[in-house]
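Some notes on the structure that comes next.
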Amino acid sequence: MLTNDNKSGGLLVNPDLFISDLHLCASRPEVKATFLTFLKNNVAHAHSLYILGDLFEYWAGDDEIESAEHQALIKAFQDLVSKGVKVYLMHGNRDFLIGEDFCTSTNIQLLADPTLITLHGQRVLLSHGDALCTDDVDYQKFRQQVRNPQWQQNFLGQSLVSRKLQIEEIRLRSEEEKSQKLAEIMDVNQEAVESLLRIYDYPEFLVHGHTHRPNKHLLQLDAHPVTRWVLGDWYEQGSYLACDQNGWKAMRL
């Protein structure tokens, strides 16, 4: 469980905020309402917001922008950016088809996975986290397939209705398969984590989501201290990670 390092609830000073795995969809309007309130009350006072994947339960293509379901969210992002808040988005395993049209309409900047940034003089490596779950061999094969540009071009060439039907079928099959897998298989692989950290020359922090196992892990890798923050999902309660000049704080709404 993430611990709330800011139990007093005091305001942070121009913080950078990190979230993931909101899985916004029409069937959970309360999550969307909570998120819109979070954008208005919390993110409006932040320096930046990093959304590390799975903002949506699924995204069938940027023609989704025209849906009335997404208009309030798009406007909320526009308002934030117009006030000077920087908003960044990384693809997750559910919304990897978010493209430039969505980013243009919201004024959000799309990030590669992984991305290395610097905050307050410390290096922070950001990832959605699904690429680290290497024990789930079947998922990694599927991930490689759907991240292929040619596959995406062919898929997006179909009608929106057809795409949504196929995604629903994939989601149902995925849920059935997950129920038969060991929990450990769907978590990150420690060797994959360590390999990534070595590639990026031992950043002080690694922040990711995907596993829905919020926690703070302290690592000592080749004599280098690294803190791995795992972000929580928004199924039952909104949560986020905040960083300012005083350090890092795990928060719940």
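The values are calculated or read from the model by the stated rules, or taken from the named source; none is laboratory data. Everything numeric here is computed off the predicted structure, so don't read it as measured data. Cβ sites come from the backbone with ideal geometry, for glycine too, and all protein chains shown count toward neighbours. To get the accessible areas, we keep the full protein, side chains included, count just its heavy atoms, and leave off ligands, DNA and RNA. Shrake-Rupley method; radii C 1.70, N 1.55, O 1.52, S 1.80 Å.
Only Cα pairs under 8 Å and 6+ residues apart enter the sum, and on that basis the relative contact order of segment 42-166 stands at 26 percent.
Helices from the chain with mean Kyte-Doolittle at least 1.0 and a Cα length along the axis of 30 Å or more, per DSSP H: which? Correct list, ordered by number: empty.
For segment 73-100, backbone nitrogen atoms closer than 11 Å to the point 7 Å from ASN107 Cα along Cα-to-C-beta are found at 75-87. Of all DSSP-defined beta bridges confined to the chain, some 50% are antiparallel rather than parallel. If you run the Gaussian network model on the chain, springs between alpha carbon atoms under 10 Å, then out of ASN41, ASN14, ASN215 the most flexible one is ASN41. Spacing of the modelled spin labels on ASN189 and TRP151, each 7 Å from Cα toward Cβ, amounts to 1.7 nm. Rolling a 1.4 angstrom probe over the protein heavy atoms with all chains in place gives segment 12-86 an accessible area of 39 Å² per residue. For segment 110-181, a simple Cβ point-charge model (Lys and Arg +1, Asp and Glu -1, everything else neutral) yields a dipole of about 220 debye relative to the Cα centre.
Given +1 at the Cβ of Lys and Arg, -1 at the Cβ of Asp and Glu and no other charges, the dipole of the chain around its Cα centre is 600 debye to the nearest 20. Pairs of Cα atoms nearer than 8 Å and 6+ residues apart set the relative contact order; for the chain it is 26 percent. Springs between Cα atoms under 10 Å define the GNM used for the chain, and in it the highest mean-square fluctuation of ILE117, ILE108, ILE98 occurs at ILE117. By the rule of a C-alpha distance below 29 Å, with chain neighbours fewer than 8 residues away ignored, the lysines paired with LYS83 are LYS7, LYS32, LYS40, LYS75, LYS249. By a straight-distance test (C-alpha under 28 Å), which lysines pair with LYS141 as possible cross-link partners, with residues fewer than eight away in the same chain excluded? Leaving aside lysines fewer than 8 places away in the same chain, those within reach of LYS141 are LYS164, LYS178, LYS181.
The charge dipole of segment 191-243, taken about its Cα centre with unit charges on the Cβ atoms of Lys, Arg (+1), Asp and Glu (-1) only, comes to about 100 debye. For segment 144-228, applying the loop criterion from DSSP together with a ceiling of 16 other beta carbons within 10 Å to the GluC sites (Glu not before Pro) yields GLU204. Our summary gives segment 33-92 a relative contact order of 56 percent, counting only alpha carbon pairs under 8 angstrom and 6 or more residues apart.
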